[in-house]
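The values are calculated or read from the model by the stated rules, or taken from the named source; none is laboratory data. None of these values were measured; they are calculated from a predicted model. Here Cβ is always computed from backbone atoms with ideal geometry, including for glycine, and neighbour counts include all displayed protein chains. Surface accessibility is based on the protein's heavy atoms, side chains included, excluding ligands, DNA and RNA. Shrake-Rupley method; radii C 1.70, N 1.55, O 1.52, S 1.80 Å.
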Amino acid sequence: MIRRECLELLAGKMTDQLVVTSQSGQRIEWSHFSQHEGNLLLGMMGCAIGVATGLALALPHRKVIALDSDGSVLLSLFNLTTLGNLRPKNLVVYVFDNGVYSGSRISYPTATAGNTDLAAMARSAGISNACTISELGDFKTKGIDALTSKELGFFVCKVEESLLHREIPRPKTDLAENKYTFVRYLERTEGKAIPFVGRG
Amino acid sequence: MYSVDPASAEMKEELARKLVQGLKSAGIDFVSYLPETRLSQILPLIRDDPAMELIPASSEQEAVTIAAGATLGGKQAAVYMENTGIYVSSYSLLVTGKQLGVPILLVIGYLGGVPDQRNSFLYATIGKHTIPVLEALEIEYRILEDGEKLESKIRDAVRAANAQRAPYALLFAGEFSE
């Protein structure tokens with residue numbers, strides 16, 4: 001399975017969901033397939049699931065999606081135990097697991113290339129709906145179905161290492177610009193002011 | 001061995017109520033946390049207050065990212081933690097707090113600082129590095145040692161965090177650590 005195929009499928013299903021990405025090739029691919037104002041393209045590893053959890057708790061009526069990677073989740077394994085207990089029903093986490101630190105340019109293997117099973121860890125942490133998806137057909141069903149499910153979903157998507165994202169122009173919006181677009185979109189669609197934006 | 005004087009325990013309860021009331025008055029409606037020793041009496045008060053959401057985290061690093069997400073989603077969020085949590089969460093404070101520019105009030109039990117009434121060899125090293133680390137992260141802070149004008153000091157801190165689009169730290173010691 002190729003990550004880009006999954007993201008393209010997912011992008012076609014987006015309506016008013018909020019999507020938080022971590023720093024990896026999927027951030028670039030996602031910004032290529034989806035220019036939705038509800039995208040928060042975080043440029044750091046180990047933070048996407050936490051930020052997505054906070055959004056999901058603040059806006060329990062909105063579907064929130066975290067797009068993460070194996071290397072990034074390994075940096076923030078504490079998210080598993082927190083999610084396993086909070087179980088926000090409106091959150092879906094997709095972990096694109098290629099088994100390598102691709103950004104290192106030497107494709108150094110991550111723990112998931114060895115004995116570590118992130119989906120099993122997530123289940124043990126209390127996330128009932130956690131599984132590994134290895135085929136695009138399964139992503140189309142299990143992965144996409146989670147968008148309409150009222151249950152926390154955690155999907156470890158086993159993908160081949162792909163460098164296709166290096167052929168795509170990187171997103172031009174900087175972090176602050178993206179943040180304000182995202183926040184203004186929320187203000188518009190939620191019909192309320194986000195407190196910190198404040199008055200000038 | 002440290003023992004709790006009933007009178008000081010009562011005092012702490014009053015301060016805890018004042019602190020939580022101050023958070024509420026400042027608009028705080030979401031608190032992610034890891035418990036610690038000095039201010040832990042605020043937790044049941046926040047938990048039982050329908051106007052505030054209390055979210056347990058497994059790491060201070062995570063508590064900061066959850067608070068950042070909640071803030072972006074329209075909450076006025078705080079993180080309650082021990083000052084050791086500053087060291088643990090310095091990465092997420094830097095990238096979600098400073099780099100992304102998200103205001104978060106940090107409510108910190110300031111262990112091992114000079115005004116910590118329970119300071120000992122266990123805490124002194126931890127305390128000594130807290131302010132240099134906050135300053136290295138360019139996170140503004142204020143040390144609070146008593147309940148005087150507590151409500152307005154908390155309100156000032158939240159206003160500063162929002163204005164700066166950055167975390168702001170309140171370090172609680174003195175009477176709060178008795």
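Consider B:G97 carefully, then state whether it is more than 8 Å from chain A (Cβ to nearest Cβ), farther than 23 Å from A:E190 by Cα and over 14 Å from the mean Cα position of the chain (by Cα). It is true that B:G97 is more than 8 Å from chain A (Cβ to nearest Cβ), farther than 23 Å from A:E190 by Cα and over 14 Å from the mean Cα position of the chain (by Cα). Note on the range A:47-68: among residues that are open to solvent by less than 10 Å² (accessible area, probe 1.4 Å) and not hydrophobic (A, V, I, L, M, F, W, C), the one that is nearest to the chain's Cα centre (by Cα) is A:D68. For B:V79, the stated conditions do not hold, so it cannot be described as modelled with pLDDT of 95 or more, open to solvent by less than 40 Å² (accessible area, probe 1.4 Å), away from chain A (no Cβ under 14 Å) and under 26 Å from B:E175 (Cα atoms).
Table: residues versus (1) open to solvent by 20 Å² or more (accessible area, probe 1.4 Å); (2) closer than 20 Å to A:R27 by Cα; (3) in contact with a strand residue (DSSP E or B) (Cβ under 6 Å, 6 or more places away or on another chain); (4) without any contact (Cβ under 8 Å) to a residue 12 or more places away in the chain.
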site	(1), (2), (3), (4)
A:A111	yes, no, no, no
A:G126	no, no, no, no
A:T148	yes, no, no, yes
A:E161	yes, yes, yes, no
A:L164	yes, yes, no, no
A:D174	yes, yes, no, yes
A:F182	no, yes, yes, no
A:Y185	no, yes, no, no
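Say whether the condition of being of a type in the set (D, E) and assigned to a helix (DSSP H, G or I) is met by at least one residue in the range B:112-126.
Checked the range B:112-126: no residue is of a type in the set (D, E) and assigned to a helix (DSSP H, G or I).
Residues in the range B:43-57 that are assigned to a loop (DSSP other than H, G, I, E, B) and buried (at least 20 other Cβ atoms within 10 Å of the Cβ): B:A57 only.
Within this structure, A:I133 passes the test of being surrounded by 14 or more Cβ atoms within 10 Å (Cβ to Cβ) and in contact with a Cys (Cβ under 6 Å, 6 or more places away or on another chain).
Residues are listed down the side, and each one gets a yes or a no for (1) modelled with pLDDT of 95 or more; (2) more than 16 Å from the chain's Cα centre (by Cα):
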position: A:Y108; (1), (2): no, yes
position: A:S128; (1), (2): yes, yes
position: A:C131; (1), (2): yes, no
position: A:K140; (1), (2): yes, yes
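For the range A:21-43, the condition holds for no residue, the condition being that it is assigned to a loop (DSSP other than H, G, I, E, B), away from every other protein chain (no Cβ under 14 Å) and among the charged types (D, E, K, R). Surrounded by 14 or more Cβ atoms within 10 Å (Cβ to Cβ) and either more than 24 Å from A:L10 (Cβ to Cβ) or touching a Phe, Trp or Tyr at 6+ places or on another chain (Cβ under 7 Å) (or both), is that true of A:T116? Judged against the criteria, A:T116 is a match.
The set of residues from the range B:27-62 being touching a Phe, Trp or Tyr at 6+ places or on another chain (Cβ under 7 Å), at the interface with another protein chain (Cβ under 10 Å from one of its Cβ atoms) and of a type in the set (F, W, Y) is empty.
Would you confirm, using the coordinates I've provided, whether A:K89 is away from chain B (no Cβ under 14 Å) and part of a helix (DSSP H, G or I)? It is false that A:K89 is away from chain B (no Cβ under 14 Å) and part of a helix (DSSP H, G or I).
Here B:Y110 meets each of (1) away from every other protein chain (no Cβ under 14 Å); (2) open to solvent by less than 10 Å² (accessible area, probe 1.4 Å); (3) touching a strand residue (DSSP E or B) at 6+ places or on another chain (Cβ under 6 Å); (4) of a type outside the set (D, E, K, R) with one exception, condition (2).
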